[in-house]
Each structure stands twice: as structure tokens, then as C-alpha cells.
1. Checking residue A:143 against (1) touching a residue at least 12 places away in the same chain (Cβ under 8 Å); (2) open to solvent by 30 Å² or more (accessible area, probe 1.4 Å); (3) over 24 Å from residue A:95 (Cβ atoms): exactly one of these is not met. Which one?
2. Taking residue B:116 and the conditions (1) free of Cβ contacts under 8 Å to residues at least 40 places away in the same chain; (2) charged (D, E, K, R); (3) in a strand (DSSP E or B), which numbered condition does it fall short on, given that it satisfies the others?
3. Does at least one position in the stretch B:31-45 carry a residue that is open to solvent by less than 10 Å² (accessible area, probe 1.4 Å) and basic (Lys, Arg)?
4. When you scan the stretch A:39-68, how many residues do you find that are surrounded by fewer than 21 Cβ atoms within 10 Å (Cβ to Cβ) and farther than 27 Å from residue A:11 by Cβ?
5. Report yes if residue B:247 is within 8 Å of chain A (Cβ to nearest Cβ), within 26 Å of residue A:247 (Cα to Cα) and open to solvent by less than 30 Å² (accessible area, probe 1.4 Å), otherwise no.
6. Hey, among A:102, A:159, which residue is of a type in the set (Gly, Ala, Ser) and either surrounded by fewer than 16 Cβ atoms within 10 Å (Cβ to Cβ) or farther than 19 Å from residue A:175 by Cβ (or both)?
7. Looking only at residues in the stretch A:189-248 that are within 13 Å of chain B (Cβ to nearest Cβ) and of a type in the set (Phe, Trp, Tyr), which one is most open to solvent (accessible area, probe 1.4 Å)?
Amino acid sequence: MEDRRAALPTELVDHNALVGPYPFRRLPDPTPERLVADLERLGIARAWVGHVPSIYYRDVAAGNDELLRWLEPHRARLLPVPAVNPAYPGWERELERARAEGCPAVRSYPAHYGFDTGGPEMRALAAGCADLHLQLVLTVRIEDGRQRHRLDVAAELLGADLRAAVRIHRGLHLVVTNADRGLVEEVHFGATPGEAERLQWDIAWLWGPPDDQLAALYRTVGRQRFVFGTHFPFRLPEAALTKLALAE
Amino acid sequence: MTAAPVAGPLVDVHAHFLHERCGTSDWAERNASRLAAGARIGITVHIASILGSFGHTSPTYFPSPADVSAGNEAMRAIARAHPGLVRGYVTVNPNYTDHAVAEIELGLAAGMVGVKLAASRRASDALLDPVAALAAERGVPVLQHIWQRRVRDVPNQEISDALDLAALAARHGGARFILGHIGGGGDWAHSLRALATVPNIFVDLSGSGVDRAMLELCLECVGPERLLWGTDLTMDTGWAKLRALAAMDLEDEVLEGIRWKTAARLFRLSL
């Protein structure tokens, strides 16, 4: 696939963006066009982009169809990150399709799809990602637990879930989004150095001053373990930039 | 995005400082971090409270009278050390009514500018009436810690939501209240819908929540004239909301109102 990214002015990449509507509250303009406009406005070069409805679909293939179609006019800046549900038939095709489309990663949602991160579905997904050189994005939470809709009952990922995931295959590289400081520390220091090197964390759920969580994690866990992430269209993308500025 | 401070006054109506009796060894570092980040953001006045010992010798949201007094004294000391830059709320636990009233009298006489209610007693409870009445008499606002929509009890707090605060505000029409941290977790839309017709409750924008659509609904339901800017425990998210407001094509007068003018009127600050 043609590399349409070479001419971009900066290398700030949002690893935690999505598009599409959410069943539990209205997200204003959750479209690729709005995302591109916000990236432009805020000086963010590109975004890895998932598809919100696919979190709740059983058969995610239709969601991936929609994601790829939506992003096609914007591929210079928006890199699709399709969903893969290894507990549902046909998931291998979605993984192959992600590779063929030049996607950097795939997303999966164990709590929503109903599989164990230490179980056979996860093992197969991890092996597939490793074989195809696709990173796997796992999301700890979609929304703040204090504001979830009463029908929104999927569990948040625990440290045990993430430790099991990183241990299940030596070739699996994980990007974990929306993790809080305690979870980052628990998993990072509950992993071998080799396992920890295969983990990256986005900054969307880490706070700045006066607690200075992000700055502290830079020192203890290492700056190289963190990637930029906004959690668009749920959250103001400005927040990722302000915490980055205040952590320097 | 430029990281440079924007011009003009900026009042943070929801700040906290720590002190040596909070049981944390880095209390001075955290305070310094708040001030340094404030300088970076462009905050010209931090209006702050200390909730007793923040859990060290009594619970954060149910502080003992001794811890309330110690915290308020520490708050006054910080304000004295940073004249003009830091102002203080008098924190009270309304379960100890006589003590609460005495602390307010003492604090206001020493230059504190508002009253802070944590989550020691539901906002609608009659025990808050003496506090609200005294605040109205002295013309200072009451900042109430709020859980955005109360659907169940939670540990370690007697939580209140916008409806609870509205009940108190209805009984004290001459008092002015601030609904704490609309971004502080919970169903913020519930709070904003509930406050649409409650003129003596203002909304502070602080909290870690930076949901898209929140600011728009604040403007729609409460209006810019009842919005106050603040940070609480996450200054990065406060700054993000300030940036987002600046990107919303609001009139300069509206933005200035949210940034400082409304706060200056409410707290009678000379800026």
C-alpha cells in the first residue's frame, strides 16, 4: 500500500481514537471528518482509529466494513484499527484483512466479547497478531465507572487480565488504552522486563499536576512505554495535549 | 497547541492544597506543583480548600472538628504566603453545627472568601441551614462537593447531587451555591438539566471528566453567566476545558465571564 504519511509535519500519533455512535449517550459528531479537523486544529499528525459500534457487535465484520469505508477518504491521516472477536467464527479473516489493509493494529474487547485473556481464544488471537505483525489494542474502560449507564455492565480489565494477555504469547505486542496509574504500575512491575517491553500504555487516563502521575510514570516505568492517546470521540482531545505539556 | 499562558485574569474556583498533617511526605511538592502548573496555565487566583487531614487522622469527607480547624488554619497560612494568588474556603463539617459556624466566623474574619462543604451530610439536610444562612448573611458562596446524579450510596461519603443541592438553594434564595466539579464523575447531564431553572446555583467546570458535549450542555442549560472555571485534582483537564472553550467561538465577554469575571463578582475579588 502506498505510504501516504511521509509528508506530515509532526509525528504525534493518537493511538486511541474511534469513530461512530455510542449506545449509552450521544457523542457529538463522532465522524472521521470531525476527527481529521480536530487533528488538524491541534497539530496531531495521524490517528489509529477504531469503530465504536464494533465494541458491542457480536459479528464485528460488518463494523469493520463500515470503518474501512468511512476512513477510505482519510487514509493519509487515519489508520484503521479494526475489531477482532476471537470467540466468533470468521475472526481469522478480519485479522488477515487488517494486515492486507496495512493496519498497524487490531482492537479486541475481551469483557464485551466474552473471552478470557488467559484462554484459548486469546492464545489464538495473540498468535495471529504475532504472525501478522499486528499490535493488539486492549481497552481497560470505555467510560468513567461513575457515569456508566445501568445497562453498560461489561467489566473493566483488571491487572490480572493484562498480565495474562502479555504472558500468553512471546510475540504479542500490546497497546493498552485508558489505564489508570495504579493499573500501569501493577502490570508493569508484575511483568518480567521482557514482557514489559511488549507493553505500551496510552496516556488518556493518566493525570497531570498536582499529582503529576504521567511525569512520575515517565520516571518509574519509562517514557518509551507510553504513547499519545485522546480517546476521541468520548473525550476532549485537548486533554491529552495539556497533560503532555504539563509533564515536560 | 501553544503552551503559553493566555492573557488576562484566570480564577480557579476549585483548588486544594495539602499540609504537613495530611500524612503524605510529598505534601509540599504537590503544593509547589499546583502553583507551578498554575503559572504555566495562567491562573492568577487559586481559591482553595483543605479537607481536614485528607484522610490521615479522620476521613476526607467526614473530617473531625480538630482536623477541620487544622486544615483551615493551614489554608490561611498558604494564602498568607501567597498574597493575592491564593484565597481560601472555610471547610466545615455541618454535623458539628456550632463548630462549623464558629469556623466560618473565624475564617471570614481572617480573609477567607467562601465556604466549602464536602460530603459529610446530604446537601438537602436541615443541618446545613445554619451554614447556608450564615453564608448568605456574609455574602460568600458555598461550594458543595457533588456526585453527578445520586443513584446509590457510595463508600466514605454521604453524597449529594444537583437535586439535593437545589433543595437547599430553594430554602436559601439569598445564598449562592457552587455545584462542585461537573467533570468530577457521574451523569453530568442530569446535573445540568436539574439546574436549568435554579438561579442561585453556579457550576464549576473542574474535575477529571473531559467528555465531549459537556461544555456545550453547560452553556445550554446553565448559561455562561453561571459557569465558573476550576481544576480540582487534575489541572491538565481544567486546562483542556479552557482550551476547548476558547475554540468554541464564544464572545470575548462570555469567555472572560467564565475565566474570571463571574468569580470576581461572586467572591468579591478585586482583579
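The values are calculated or read from the model by the stated rules, or taken from the named source; none is laboratory data. From a predicted model like this one, the values you see are computed outputs, not experimental measurements. Cβ atoms come from the backbone with ideal geometry, glycine included; neighbour counts cover every protein chain shown. Ligands, DNA and RNA are excluded from the accessible area calculation, which covers all protein heavy atoms including side chains. Shrake-Rupley method; radii C 1.70, N 1.55, O 1.52, S 1.80 Å.
1. (2)
2. Here residue B:116 meets the rest and fails (1).
3. Yes, there is a match, as at least one residue in the stretch B:31-45 is open to solvent by less than 10 Å² (accessible area, probe 1.4 Å) and basic (Lys, Arg).
4. Going through the stretch A:39-68 one residue at a time, the tally reaches 9.
5. no
6. Of the residues listed, the single one that is of a type in the set (Gly, Ala, Ser) and either surrounded by fewer than 16 Cβ atoms within 10 Å (Cβ to Cβ) or farther than 19 Å from residue A:175 by Cβ (or both) is A:102.
7. Only one residue fits best here, namely A:207.
Listed here are the residues, each with its yes/no results for (1) free of Cβ contacts under 8 Å to residues at least 40 places away in the same chain; (2) not aliphatic (A, V, I, L, M).
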position	(1), (2)
A:105	no, no
A:108	yes, yes
A:116	no, yes
A:134	yes, no
A:155	no, no
A:159	yes, yes
